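K.L.:
Before anything else, here's the structure in question.
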Amino acid sequence: MRKNRNGVLIAAAALCVFVLAGCQTGSSGTGGSDEDVLRVAWWGGQERHTMTIEMIELFEDKYPDIQVEPEYTAWDNYWERLTTQAAGSNLPDIVQMDNSKLNEYISRNLVKDLTPFIEEGSIDLTHVNDAYQDMNTIDDAVYAISLGSNALGMIYNQQLFDEHGVQLEEGYTYEDLKDKMRTLGEAVGDEFYGYDLISEFEMFSVFARQNGETVFNEDGDGLGFSDEHLIAFFQFLTEMLDEGLSPPHEITLEYVEGGDSPIADGLTGMGLIASNQIIGQQALTEEELSLSPLPALVDGVEGNWIRPSMSFSVTEHTDQAENAALFIDFVTNDPEANEILQAERGVPISSEIRAHLEGKVSEEVEKTFEYLEYMAENAAPADPLPPPGESEVRGSFIRIVEAVKYGQTSPEEAAAQFRSEAEAILN
């Protein structure tokens with residue numbers, strides 16, 4: 001993928017982004033032989049495409065014997081496309097991987113164990129804390145390298161909190177959260193709800209771990225939590241809604257379907273996000289946003305953990321494994337490459353790269369760095385990768401949460417229904 005480093009890059013990127021079909025020229029692309037062509041696939045939006053293409057150009061400048069063929073598309077079409085390619089034994093050499101999909105690809109023998117490349121130094125993880133890679137390691141085999149890490153965090157309107165004297169002390173509880181939202185609601189007035197009640201599945205995953213449990217059991221063929229804790233979580237949701245501390249579900253749906261931000265619009269003052277999402281959220285408002293840890297249980301354990309926002313895996317269909325390892329090492333450890341990428345995929349896993357980027361990234365990106373440093377010191381070990389049925393279980397949870405939020409079912413009934421549906425999916 002040879003390009004001159006000038007305005008042609010952006011024009012070419014725009015022409016090449018077949019957002020629904022992706023951009024693929026295949027291993028028989030212009031110039032070079034099959035041995036010289038490295039196919040790299042990812043999902044994302046235009047900003048990610050443009051950054052990644054520029055980074056690829058830099059890679060090709062430094063390694064002129066390797067030609068990179070990009071294949072990129074939007075999230076919704078990405079996995080369908082990979083499924084079709086897998087059926088034809090024609091997967092790209094490198095694929096951008098999501099944690100929810102990795103176990104499925106491992107079980108189908110579609111991705112390589114990268115341990116040999118790490119041990120020989122082709123992929124250098126010398127400056128990578130294990131916490132940034134834990135979820136990609138299964139039984140001492142490494143099936144992916146994180147492209148950037150994040151953790152669940154509470155985004156909040158710091159300007160609003162400061163204005164009304166509301167502070168989130170470390171170790172604040174769920175009851176403290178409700179108290180803070182009451183204070184804000186009373187101060188701000190009508191048409192304001194304190195807490196944006198979304199991402200309930202993610203929040204419950206932390207809540208379960210705070211109670212010493214997990215959503216899925218260790219073998220991935222059942223659930224790992226007791227009904228009493230799911231009931232308590234559903235009760236928390238209903239209390240937030242009943243007291244007007246969170247928006248009614250129909251308002252939440254309007255924002256979800258419209259792609260808008262309630263915190264940027266001033267409808268709410270706080271909500272649960274993946275830490276790197278503060279970058280996009282901050283772009284929508286002039287008021288300062290910040291990140292806080294999740295609420296804790298008084299006698300609970302730390303429930304949150306660091307996770308890859310996305311990773312690169314090398315597929316079993318490749319005949320370019322050495323070049324694929326070289327490319328992944330470049331993305332992980334090259335300072336110039338990471339100046340181009342600007343931590344858009346999450347906090348870089350190399351401490352050397354994080355240090356190099358200080359002062360070279362935006363203030364909100366710096367906040368994600370700081371938050372991940374805090375999490376690296378305080379996070380619990382990561383859960384095992386979710387089982388292949390995770391997306392269906394998540395879908396069941398979301399449907400049942402909706403019924404709880406509309407008052408169509410009680411917390412007790414909802415917990416029983418979810419257990420029945422989830423176990424049927426996993427067994």
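The values are calculated or read from the model by the stated rules, or taken from the named source; none is laboratory data. Please read all numbers here as calculations on a predicted model, not as lab measurements. All Cβ positions, even for glycine, are placed from backbone atoms using ideal geometry, and neighbour counts span all protein chains on display. Quick note on the areas: whole protein, heavy atoms, side chains included, nothing else; ligands and nucleic acids left out. Shrake-Rupley method; radii C 1.70, N 1.55, O 1.52, S 1.80 Å.
K.L.:
Taking the stretch 86-123 on its own, how many of its residues are in contact (Cβ under 8 Å) with a residue 24 or more places away in the chain and part of a helix (DSSP H, G or I)?
P.N.:
From the stretch 86-123, those in contact (Cβ under 8 Å) with a residue 24 or more places away in the chain are 86, 89-100, 102-107, 109-115, 117-118, 122-123; that's our starting set.
Then keep just the ones that are part of a helix (DSSP H, G or I); that gives 86, 99-100, 102-107, 115, 117-118.
Qualifying residue count, the stretch 86-123: 12.
K.L.:
Let me ask something additional. Is there a residue in the stretch 364-373 that is surrounded by fewer than 18 Cβ atoms within 10 Å (Cβ to Cβ) and of a type in the set (S, T, N, Q)?
P.N.:
No, the stretch 364-373 contains no residue that is surrounded by fewer than 18 Cβ atoms within 10 Å (Cβ to Cβ) and of a type in the set (S, T, N, Q).
K.L.:
For the stretch 100-149, which residues satisfy the criterion of being basic (Lys, Arg) and under 20 Å from ALA380 (Cα atoms)?
P.N.:
First, the residues of the stretch 100-149 that are basic (Lys, Arg): 101, 108, 112.
Once the filter is applied, which keeps residues that are basic (Lys, Arg) and under 20 Å from ALA380 (Cα atoms), the stretch 100-149 yields nothing.
K.L.:
Considering only residues that are out of contact with any strand residue (DSSP E or B) (no Cβ under 9 Å at 6 or more places or on another chain) and surrounded by 14 or more Cβ atoms within 10 Å (Cβ to Cβ), which ones fall in the stretch 213-225? Spell out how you get there, then give the answer.
P.N.:
If we filter the stretch 213-225 for residues that are out of contact with any strand residue (DSSP E or B) (no Cβ under 9 Å at 6 or more places or on another chain), which is where we start, we get 219-221.
Correct list: GLY220 only.
K.L.:
Pull up the stretch 397-424, narrow it to residues that are assigned to a helix (DSSP H, G or I) and without any contact (Cβ under 8 Å) to a residue 60 or more places away in the chain, then point me to the one that is farthest from MET97 (Cα to Cα).
P.N.:
To start, the set of residues in the stretch 397-424 that are assigned to a helix (DSSP H, G or I) comprises 397-405, 411-424.
So of that shortlist, the ones also without any contact (Cβ under 8 Å) to a residue 60 or more places away in the chain come out as 399-400, 403, 413, 417, 420-421, 424.
Details: ARG399: 26, ILE400: 28, ALA403: 32, GLU413: 36, GLN417: 31, SER420: 30, GLU421: 27, ALA424: 27 Å.
Only one residue fits best here, namely GLU413.
K.L.:
Can you tell me which residue in the stretch 117-152 is nearest to ASN99 (Cα to Cα), limited to those that are aromatic (Phe, Trp, Tyr) and open to solvent by 20 Å² or more (accessible area, probe 1.4 Å)?
P.N.:
Filtering the stretch 117-152 for residues aromatic (Phe, Trp, Tyr) gives 117, 132, 143.
Checking which are open to solvent by 20 Å² or more (accessible area, probe 1.4 Å) leaves us with 117, 143.
Details: PHE117: 21, TYR143: 11 Å.
Ranking the candidates gives TYR143 first.
K.L.:
How do the pairs read when you match residues in the stretch 287-302 that are within 16 Å of GLY153 (Cα to Cα) with residues anywhere that are of a type in the set (Lys, Arg) and open to solvent by less than 70 Å² (accessible area, probe 1.4 Å), using Cβ under 6 Å and keeping only pairs 6 or more apart or on different chains?
P.N.:
LEU291/LYS367
K.L.:
If you don't mind, there's one more thing I want to ask. Identify all residues within the stretch 43-58 that are out of contact with any strand residue (DSSP E or B) (no Cβ under 8 Å at 6 or more places or on another chain) and under 22 Å from ASN77 (Cα atoms); write none if there are none.
P.N.:
GLY45, GLN46, GLU47, THR50, MET51
K.L.:
May I pose another question? Within the stretch 386-396, does at least one residue satisfy the condition of being open to solvent by 20 Å² or more (accessible area, probe 1.4 Å), in contact with a Gly (Cβ under 8 Å, 6 or more places away or on another chain) and without any contact (Cβ under 8 Å) to a residue 60 or more places away in the chain?
P.N.:
No, the stretch 386-396 contains no residue that is open to solvent by 20 Å² or more (accessible area, probe 1.4 Å), in contact with a Gly (Cβ under 8 Å, 6 or more places away or on another chain) and without any contact (Cβ under 8 Å) to a residue 60 or more places away in the chain.
K.L.:
Conditions: (1) modelled with pLDDT under 90; (2) under 29 Å from LEU372 (Cβ atoms). GLU257 meets all but one. Number of the miss?
P.N.:
With (1) modelled with pLDDT under 90; (2) under 29 Å from LEU372 (Cβ atoms) applied to GLU257, the lone miss is (2).
K.L.:
Additional query: Checking GLY300 against (1) more than 30 Å from GLN210 (Cβ to Cβ); (2) part of a loop (DSSP other than H, G, I, E, B); (3) not basic (Lys, Arg): exactly one of these is not met. Which one?
P.N.:
For GLY300, the failing item is (1).
K.L.:
Can you name every residue in the stretch 41-79 that is open to solvent by 40 Å² or more (accessible area, probe 1.4 Å), at pLDDT 95 or above and part of a helix (DSSP H, G or I)?
P.N.:
GLU54, ASP61, LYS62
K.L.:
Turning to a different aspect of this structure: When you scan the stretch 203-212, how many residues do you find that are at pLDDT below 95 and either more than 29 Å from ALA379 (Cα to Cα) or in contact with a strand residue (DSSP E or B) (Cβ under 6 Å, 6 or more places away or on another chain) (or both)?
P.N.:
0
K.L.:
In addition: Does LEU147 satisfy the condition of being part of a loop (DSSP other than H, G, I, E, B), at pLDDT 95 or above and within 22 Å of the chain's Cα centre (by Cα)? Outline the logic, then answer.
P.N.:
On the way: part of a loop (DSSP other than H, G, I, E, B): no; at pLDDT 95 or above: yes; within 22 Å of the chain's Cα centre (by Cα): yes.
No: the conditions fail for LEU147.
K.L.:
Take the residues of the stretch 310-363 that are hydroxyl-bearing (Ser, Thr, Tyr) and in a loop (DSSP other than H, G, I, E, B): which is most open to solvent (accessible area, probe 1.4 Å)? Before the answer, list the steps.
P.N.:
Going residue by residue through the stretch 310-363, those that are hydroxyl-bearing (Ser, Thr, Tyr) are 311, 313, 315, 318, 332, 350-351, 362.
Cutting the leftovers down to in a loop (DSSP other than H, G, I, E, B) gives us 318, 362.
Values: THR318: 18, SER362: 44 Å².
Per the stated criteria, the residue is SER362.
K.L.:
Could you please tell me which pairs satisfy a Cβ distance under 6 Å, a separation of 6+ or placement on different chains, a first residue in the stretch 270-284 that is assigned to a strand (DSSP E or B), and a second residue that is of a type in the set (Asp, Glu) and modelled with pLDDT of 90 or more?
P.N.:
GLY271/ASP196
K.L.:
Tell me which residues, restricted to the stretch 153-169, are surrounded by fewer than 23 Cβ atoms within 10 Å (Cβ to Cβ) and aliphatic (A, V, I, L, M).
P.N.:
MET154, LEU160, VAL166, LEU168
K.L.:
Now, a different point. If a residue must be in contact with a Phe, Trp or Tyr (Cβ under 9 Å, 6 or more places away or on another chain), in contact (Cβ under 8 Å) with a residue 12 or more places away in the chain and either open to solvent by 50 Å² or more (accessible area, probe 1.4 Å) or closer than 22 Å to PHE204 by Cβ (or both), how many such residues does the stretch 249-264 contain?
P.N.:
Residues of the stretch 249-264 in contact with a Phe, Trp or Tyr (Cβ under 9 Å, 6 or more places away or on another chain): 249-251, 261-263.
This time we only want the ones that are in contact (Cβ under 8 Å) with a residue 12 or more places away in the chain, so: 249, 251, 261-263.
Subset that is either open to solvent by 50 Å² or more (accessible area, probe 1.4 Å) or closer than 22 Å to PHE204 by Cβ (or both): 249, 251, 262-263.
So the count comes out to 4.
K.L.:
Moving on to the next point. If you go through the stretch 342-356 one residue at a time, do you hit one that is without any contact (Cβ under 8 Å) to a residue 12 or more places away in the chain and aliphatic (A, V, I, L, M)? Reasoning before the result, please.
P.N.:
Narrowing the stretch 342-356 to residues without any contact (Cβ under 8 Å) to a residue 12 or more places away in the chain: 355.
Filter again for aliphatic (A, V, I, L, M), leaving 355.
Yes - at least one qualifying residue is present in the stretch 342-356.
K.L.:
Which residues, taken from the stretch 397-415, are open to solvent by 30 Å² or more (accessible area, probe 1.4 Å) and within 19 Å of GLU202 (Cα to Cα)? Quick ask: steps written out before the conclusion?
P.N.:
If we filter the stretch 397-415 for residues that are open to solvent by 30 Å² or more (accessible area, probe 1.4 Å), which is where we start, we get 398-399, 402, 406-408, 410, 412-413.
Within the stretch 397-415, ILE398, ARG399, GLU402 qualify.
K.L.:
Do we have any residue at all in the stretch 170-188 that's under 30 Å from GLU104 (Cβ atoms) and open to solvent by 50 Å² or more (accessible area, probe 1.4 Å)?
P.N.:
From the stretch 170-188, those under 30 Å from GLU104 (Cβ atoms) are none; that's our starting set.
So far as the stretch 170-188 goes, no, none of its residues is under 30 Å from GLU104 (Cβ atoms) and open to solvent by 50 Å² or more (accessible area, probe 1.4 Å).
K.L.:
Something else about it: In this structure, does GLU69 turn out to be of a type in the set (Asp, Glu) and touching a Ser or Thr at 6+ places or on another chain (Cβ under 6 Å)?
P.N.:
Values: of a type in the set (Asp, Glu): yes; touching a Ser or Thr at 6+ places or on another chain (Cβ under 6 Å): yes.
For GLU69, the condition - of a type in the set (Asp, Glu) and touching a Ser or Thr at 6+ places or on another chain (Cβ under 6 Å) - is met.
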